[in-house]
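Asker: Dumping the structure here so I can ask a few things about it.
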Amino acid sequence: LRVYDIQGRLTATLVQGLLDAGGHVKTWNGADSQGKMASAGIYMVVLEAGSTRQTQRLVRLPGFSR
């Protein structure tokens, strides 16, 4: 599970490797790979599982983090 900025640059990797079958939840705290808060804007979240690839658009609002 990876987060990319609108230019296609990798911003953060949220999950890497294999997980057990079933549901999983992962929250992005808005930080990049170095721990700095990413800029407000549009990001793409990409999930790859086997031969499946799903992409979802995400909007990061200014001043919002979890």
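The values are calculated or read from the model by the stated rules, or taken from the named source; none is laboratory data. Quantities reported herein were computed from a predicted structural model and do not represent experimental measurements. Don't worry about glycine lacking a Cβ; one is built from the backbone with ideal geometry, like all the others, and counts go over all protein chains shown. Ligands, DNA and RNA are stripped out before the accessible areas are found, and what is left, the full protein with its side chains, is counted by its heavy atoms. Shrake-Rupley method; radii C 1.70, N 1.55, O 1.52, S 1.80 Å.
Asker: In nm, to one decimal, how far is the modelled label at Leu47 from the one at Thr27, with both set 7 Å along Cα→Cβ?
Answerer: Distance between the two pseudo-spin positions: 1.7 nm.
Asker: Over every pair of different alpha-carbon atoms in the chain, take the mean of 1/r and invert it; report that Kirkwood radius in Å.
Answerer: On the way: mean 1/r = 0.0793 Å⁻¹.
It is 12.6 Å.
Asker: Can you send over the carbon and sulfur percentage of the accessible area for the chain, probe radius 1.4 Å, protein chains only?
Answerer: Working: 2600 of 5190 Å².
The C+S portion of the solvent-accessible surface of the chain is 50 percent.
Asker: Between Thr13 and Gln34, 0.36 nm times their residue separation minus their Cα-Cα distance comes to what? Before the final figure, lay out the partial values.
Answerer: On the way: separation 21, 0.36 × 21 = 7.56 nm, distance 1.07 nm.
Between Thr13 and Gln34, full extension yields 6.5 nm more.
Asker: Measuring with a 1.4 Å probe in the full set of protein chains, what accessible area per residue, in whole Å², belongs to the chain?
Answerer: Numbers: 5190 Å² over 66 residues.
On a per-residue basis, the chain sits at 79 Å².
Asker: Please state the relative contact order of the chain as a whole percent: Cα pairs under 8 Å, 6+ residues apart?
Answerer: Working: 95 pairs, mean separation 20.8, N = 66.
Computed value for the chain: 32 percent relative contact order.
Asker: Treating the beta-carbon of each Lys and Arg as +1 and of each Asp and Glu as -1, no other charges, what is the dipole magnitude of the chain about its Cα centre, to the nearest 20 debye?
Answerer: Values: 8 positive and 4 negative charges, 34 e Å.
With Lys and Arg at +1 and Asp and Glu at -1, about 160 debye.
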